[in-house]
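Mind looking over this structure? Questions follow.
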Amino acid sequence: PDDTYAYGANRGGIDERWFASTTEAANEGRVPDEGLSYVVVGKERFTLRQAVADCGATLVGQAIWKQYKRWPVYSKFFDNMGPIPHHMHQNAKQAKLVGQEGKPESYYFPPQHNNVGNNFPYTFMGLEPGTTKAQVRKCLEDWNKGDNGILDLSRAYRLKPGTGWLIDPCILHAP
């Protein structure tokens, strides 16, 4: 792609692309509409969020519109040199406590963007059986010391271009 540094060198290269997104990015220093997908019809360009608001169930289907009154998901094209930090997202019940929504996540590793395995073509998910709370607590205590060892407690899965993952909330992952 010719837009790897679309937001300037100070923001770094784009390694994650959202598609079918009606969700704005929540990162510091974001640009207007960052994270939102666009629809182009002829010479007209508008956000998918606006299209969903205008077309409702006709666009997203009756069941989704009835429950959410919007398009509640998006997917990512993901292309990193190595795994991002181990993290997890809240489920619906937990997120509701802070006025948010739960976040399952999906990742897709397109062959067009993953023609080499980069530094470490694996993703980490969950914890190894037998992992103790004390081991996880120690990793959290060591959070600011560099490598805190959390990935030693997780299982790595080899990435296969053309495939992806759907990760439910509350599951540790480091894609």
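Identify, by number, the condition in (1) more than 30 Å from residue 142 (Cβ to Cβ); (2) of a type in the set (Val, Ile, Thr); (3) in contact (Cβ under 8 Å) with a residue 60 or more places away in the chain that residue 73 doesn't meet.
(3)
Something else about it: Within segment 74-125, take every residue that is in a loop (DSSP other than H, G, I, E, B) and in contact with a Ser or Thr (Cβ under 9 Å, 6 or more places away or on another chain) and give me the one that is nearest to residue 13 (Cα to Cα).
83
Same structure again: Pairs, please: C-beta under 8 Å, at least 6 apart or cross-chain, first residue over 17 Å from residue 87 (Cβ atoms) and in segment 127-141, second assigned to a helix (DSSP H, G or I)?
Within 8 Å, the pairs are 128/153; 135/153.
While we're here: Counting only residues that are modelled with pLDDT of 80 or more, touching a helix residue (DSSP H, G or I) at 6+ places or on another chain (Cβ under 8 Å) and not charged (D, E, K, R), which one in segment 69-88 is nearest to residue 38 (Cα to Cα)?
The extreme case among them is 71.
Hey, can you tell me all the residues within segment 24-46 that are part of a loop (DSSP other than H, G, I, E, B), in contact with a helix residue (DSSP H, G or I) (Cβ under 8 Å, 6 or more places away or on another chain) and either aliphatic (A, V, I, L, M) or surrounded by 11 or more Cβ atoms within 10 Å (Cβ to Cβ) (or both)?
Of everything in segment 24-46, those that are part of a loop (DSSP other than H, G, I, E, B), in contact with a helix residue (DSSP H, G or I) (Cβ under 8 Å, 6 or more places away or on another chain) and either aliphatic (A, V, I, L, M) or surrounded by 11 or more Cβ atoms within 10 Å (Cβ to Cβ) (or both) turn out to be 36, 37.
Considering only segment 10-27, state which residues are modelled with pLDDT of 85 or more and farther than 22 Å from residue 164 by Cβ.
24
Would you mind telling me which numbered condition in (1) at pLDDT 95 or above; (2) under 25 Å from residue 25 (Cα atoms) residue 128 fails?
So the condition that residue 128 fails would be (2).
Check 166, 127, 151, 172 and return the single one that is out of contact with any Leu (no Cβ under 7 Å at 6 or more places or on another chain), buried (at least 16 other Cβ atoms within 10 Å of the Cβ) and within 29 Å of residue 74 (Cβ to Cβ).
When all the criteria are applied, what remains is 151.
Within the set of pairs 6+ apart or on separate chains, which have a first residue in segment 21-32 that is on the phi > 0 side of the Ramachandran plot, a second that is among the basic types (Lys, Arg) and in a loop (DSSP other than H, G, I, E, B), and C-beta atoms under 6 Å apart?
No pair meets every condition.
Hey, another quick one. Does segment 99-109 include one or more residues that are over 18 Å from the mean Cα position of the chain (by Cα) and touching a residue at least 24 places away in the same chain (Cβ under 8 Å)?
No; the residues of segment 99-109 include none that is over 18 Å from the mean Cα position of the chain (by Cα) and touching a residue at least 24 places away in the same chain (Cβ under 8 Å).
The values are calculated or read from the model by the stated rules, or taken from the named source; none is laboratory data. On a predicted model such as this, the values are computed, not experimentally measured, just so you know. Cβ sites come from the backbone with ideal geometry, for glycine too, and all protein chains shown count toward neighbours.
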